[in-house]
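Reading through the structure tokens given below for one structure.
Every number in this text was worked out from the coordinates using simple rules, so none of it is lab data. Quantities reported herein were computed from a predicted structural model and do not represent experimental measurements. Please note: Cβ atoms are built from the backbone with ideal geometry, for glycine as well, and neighbour counts cover all protein chains shown.
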Amino acid sequence: MNKTKRRIFNTAIKIFSEKGYDNSSVEEITAIAGVAKGSLYYHFSKKEDIFDMLLDEGLKLLKNNIEIKTRQCTNALEKIKAVILIQIKISVKYEDFLNVVLSQIWGKEEKNKKCKKAVFEYIKIIEKIIKEGIENNEFYDGDVEAIASGIVGVTATSLIYRLKNNKELDIESVYKGFINTVVRGISK
């Protein structure tokens with residue numbers, strides 16, 4: 001991605017996160033990015049294209065990180081721990097991205113449907129790990145979809161925790177807290 005496109009993209013994510021997608025305008029994005037409107041339209045035909053790219057790039061980032069980290073794991077328990085750590089780190093590093101996704105998952109518009117689809121695809125990755133853990137007798141048997149969704153939800157709360165305390169997260173401390181509660185709850 002060239003420098004101008006990256007600047008437009010990053011500015012849009014920041015504005016979408018702060019104001020909401022619907023309250024953000026192309027004019028505002030170009031003004032803050034310091035580019036002409038024509039430059040935005042050269043790289044993106046419409047505001048929705050930026051949103052679509054945000055979902056695609058974010059999901060790729062999560063999938064790639066999980067694939068790389070879990071490939072090194074020998075069992076489902078190690079994989080779940082790796083997933084939780086990745087999610088916390090991504091929550092910290094890409095907070096604006098997650099704010100946009102979580103704020104747009106509700107509703108019935110096309111962007112909401114795309115958001116749900118992306119989140120549900122991601123949850124499927126975790127479901128596979130949970131199934132593996134149950135089959136290998138590492139985890140208690142349970143509703144795989146609920147457990148996987150819960151893991152995503154619990155780690156997403158690290159954003160709420162950061163907002164509540166108005167400070168940077170100590171990733172290791174939050175990770176240990178989640179491991180002590182979430183993993184203990186599903187592990188045999």
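Where does each of 49, 96, 143 land when they are ranked from fewest to most other beta-carbon atoms within 10 angstrom?
Details: 49 14, 96 17, 143 10.
Fewest-to-most Cβ neighbours within 10 Å comes out as 143, 49, 96.
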Legend entry - Sorted by Cβ density within 10 Å, fewest first, the residues 115, 73: 73, 115
Legend entry - Contour minus Cα-Cα distance for residue 22 and residue 46 (0.36 nm per residue): 7.3 nm
Inset, instruction - Within 10 Å of each residue's Cβ, count the other Cβ atoms and sort 35, 183 from fewest upward. - result: 183, 35
Legend entry - Per-bin percent of Cα-Cα distances, region 1-69 [10 Å]: 20, 51, 21, 7, 0
Legend entry - CD proxy at 222 nm, helix term only [per DSSP H run n ≥ 4: -39500 (n - 2.57); per residue of the chain; nearest 500]: -25000 deg cm²/dmol
Inset, instruction - Determine the relative contact order of region 1-98: mean sequence separation of Cα pairs under 8 Å and six or more apart, normalised by residue count, in whole percent. - result: 29 percent
Inset, instruction - Report, in debye and to the nearest 20, how large the dipole of the chain comes out about its Cα centre when Lys and Arg carry +1 and Asp and Glu carry -1 on their Cβ. - result: 400 debye
Inset, instruction - At 20 Å minimum axial length over the Cα atoms and a Kyte-Doolittle cut of 0.5, report the qualifying DSSP H helices in the chain, or say none. - result: 76-93, 144-165
Inset, instruction - Quote the relative contact order of the chain in percent (integer), defining contacts as alpha-carbon pairs under 8 Å separated by 6+ residues. - result: 22 percent
Legend entry - Between region 35-59 and region 63-109, the Cα center-to-center distance that results, in Å: 23 Å
Inset, instruction - Please name which of 39, 16, 29 has its Cα lying farthest along the dipole of region 1-45 towards the positive end, using unit charges on Cβ (Lys, Arg +1; Asp, Glu -1) and the Cα centre as origin. - result: 39
